[in-house]
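A quick write-up on the structure given underneath.
The values are calculated or read from the model by the stated rules, or taken from the named source; none is laboratory data. Because the structure is predicted, anything quoted here is derived from the model rather than measured. Cβ placement follows ideal geometry from the backbone for every residue including glycine, while neighbour counts extend to all protein chains displayed.
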Amino acid sequence: MKEYFPEVKSIPFEGPDSRNPLAFKHYNPGEKILGKTMAEHLRFAVCYWHTFKNLGADPFGPGTMIRPYNASSDPMTVAEETMQAAFEFFRKLGVDFWCFHDRDIAPEADNLPETNRRLDHITKLAAKLQNENGMKLLWGTANLFGNRRYMAGASTNPDPAVFAYAASQVKKAMEITHGLGGAGYVFWGGREGYETLLNTDMRREAEQQGRFMQLAADFKKEIGFQGQLYIEPKPKEPTKHQYDFSAAACHAFLLKNGLVDEFRLNIEANHATLAGHTFHHELAYSMAHGLFGSVDANRGDLLLGWDTDQFPTDIYDTALAMYTILRGGGFTTGGLNFDAKLRRQSIDPVDLFHAHIGAMDAFARGLRIAAALLEGRSLEDFVEDRYRGWSGELGSAILSGEVGFSGLEKYTLEHGEPEPRSGRQEMLENILNESIR
Ligand code: XLS
Ligand code: CA
Ligand code: CA
């Protein structure tokens, strides 16, 4: 069989003293931390679009990366060879999960039946390769933003015929995700937003989007898909304003449409920073409201205002992410999907390995730091103590509705001025730093 990454046999764990660039220094998949293996905690996934379909094109020039699986002039041969190359890459890297958009794995034809035939053909190959390699699908999704029919959105389009086309496409993408045993299905807003309010009826678009998601939740039940449905927040890009702006905006949308029990959130680090939040904030918000589902693990560049989708390397980010995730009970259906792409000058296939090794090691370190913080309990104990009044007599009376404004006035008149207490931010930052070893 053709080998697409002959320069790599497999990526071993060699420990922190290793100088081998093609080895893990921190990610030791079978090692147990807090009762689970690192692989079980982290549930790493490789994304198909950036890893195998992105060739480094940007608005100023075409792709720079030449890939052997992309050589044929027949698009379906390219699709088959790319799928073979992808599974070779997954196996050699040692991940358990992958993610895709429908149009990443099979090119769109000029009519829907032929497009779907192509998808069925490639899905069969994917199912066979999943089996042979013991791989699982973390989630599937539909590309509702590339084709010109979606230029004014899919479900939020002014034309209901575009809504119908998008529904047909999502129906098929959900079916193939189900067929491949997917643990989830993601809705990312694509072009659901606006460029200018001068041509936009926001009330209608919100109603349309709500209807679309209700139909998706119904269809999930109709086909018996057991996976989790997710919405992935993003504030802007490609449109000026995306409706799924942030975790909080998605929460309001789900509540308004009676869908809060049907969906969870897929939090992407770079989208959080574009929304003016930290990755930590978006995770903490999702956890606080029972909405946390999965993660698109990447990073942006704080000096650039767009979605750079770089591989995650910042240990603070990964530590705080894993701390928040572990405190919330860890992943169930979700995982860490590397929605990240090589920089345009990283043109060699081996760069894909370097990028994923660095990202996986960064999260493995984050996991260790998070476990140390949780075992030490210093942060948790501090926070618990800070709010302890809320479990006492006064706090419970307020929360249970036992006492109103007049009762609270009486309490204040009796007890006088409350005693302020330090928030100890610097001490807590030191505790975080000391756990980074
Ligand atoms: C784009 C999104 C996209 C989703 C899947 O910015 O990150 O890749 O994750 O459609
Ligand atoms: Ca993403
Ligand atoms: Ca992104």
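Taking the listed residues 210, 293, the one that is surrounded by 21 or more Cβ atoms within 10 Å (Cβ to Cβ) and at negative phi is 293, with no other qualifying.
Screening region 253-274 for residues that are charged (D, E, K, R) and away from ligand 1 (no atom under 14 Å from the Cβ) and picking the one that is surrounded by the most Cβ atoms within 10 Å (Cβ to Cβ) gives 264. One residue is enough: does region 275-284 have a residue meeting the conditions over 23 Å from residue 371 (Cβ atoms) and away from ligand 1 (no atom under 16 Å from the Cβ)? The answer is yes; a qualifying residue exists. Scanning region 282-306 for residues that are charged (D, E, K, R) and touching a Pro at 6+ places or on another chain (Cβ under 9 Å) returns 282, 299. Each residue in region 313-347 was checked for being within 16 Å of ligand 2 (Cβ to nearest atom), in a loop (DSSP other than H, G, I, E, B) and among the acidic types (Asp, Glu), and 1 of them qualify.
State whether the residues of region 208-220 include one that is more than 23 Å from residue 341 (Cβ to Cβ), away from ligand 3 (no atom under 12 Å from the Cβ) and free of Cβ contacts under 8 Å to residues at least 24 places away in the same chain. Scanning region 208-220 turns up at least one residue that is more than 23 Å from residue 341 (Cβ to Cβ), away from ligand 3 (no atom under 12 Å from the Cβ) and free of Cβ contacts under 8 Å to residues at least 24 places away in the same chain. The requirement of being within 16 Å of ligand 1 (Cβ to nearest atom), farther than 18 Å from residue 238 by Cα, of a type in the set (Lys, Arg) and at pLDDT 95 or above is fulfilled nowhere in region 304-327; no residue meets it. Entry remark, region 172-195: residues being within 16 Å of ligand 2 (Cβ to nearest atom) and part of a strand (DSSP E or B) number 6 in total. Looking across region 182-217 at every residue that is in contact with a strand residue (DSSP E or B) (Cβ under 6 Å, 6 or more places away or on another chain) and not aromatic (Phe, Trp, Tyr), the one that is farthest from ligand 1 (Cβ to nearest atom) is identified as 200. Please find, within region 374-403, the residue that is surrounded by the fewest Cβ atoms within 10 Å (Cβ to Cβ) out of those that are touching a residue at least 12 places away in the same chain (Cβ under 8 Å) and not small (Gly, Ala, Ser). Among them, the one singled out is 375. Among residues of region 56-77 being crowded, with 18+ Cβ neighbours inside 10 Å and of a type outside the set (D, E, K, R), the one that is farthest from ligand 1 (Cβ to nearest atom) is 69.
Residue 249 meets all of the listed conditions (1) surrounded by fewer than 21 Cβ atoms within 10 Å (Cβ to Cβ); (2) within 16 Å of ligand 1 (Cβ to nearest atom); (3) in contact (Cβ under 8 Å) with a residue 24 or more places away in the chain but one, namely (3). With respect to the numbered conditions (1) exposed (fewer than 10 other Cβ atoms within 10 Å of the Cβ); (2) in contact (Cβ under 8 Å) with a residue 40 or more places away in the chain, which one is the sole condition not fulfilled by residue 360? So the condition that residue 360 fails would be (1). Pairs are defined by a Cβ separation below 6 Å, a sequence spacing of at least 6 or placement on different chains, a first member in region 263-277 that is under 17 Å from residue 253 (Cα atoms), and a second member that is away from ligand 2 (no atom under 15 Å from the Cβ); the pairs so defined are 263/229; 263/254; 264/228; 264/291; 265/291.
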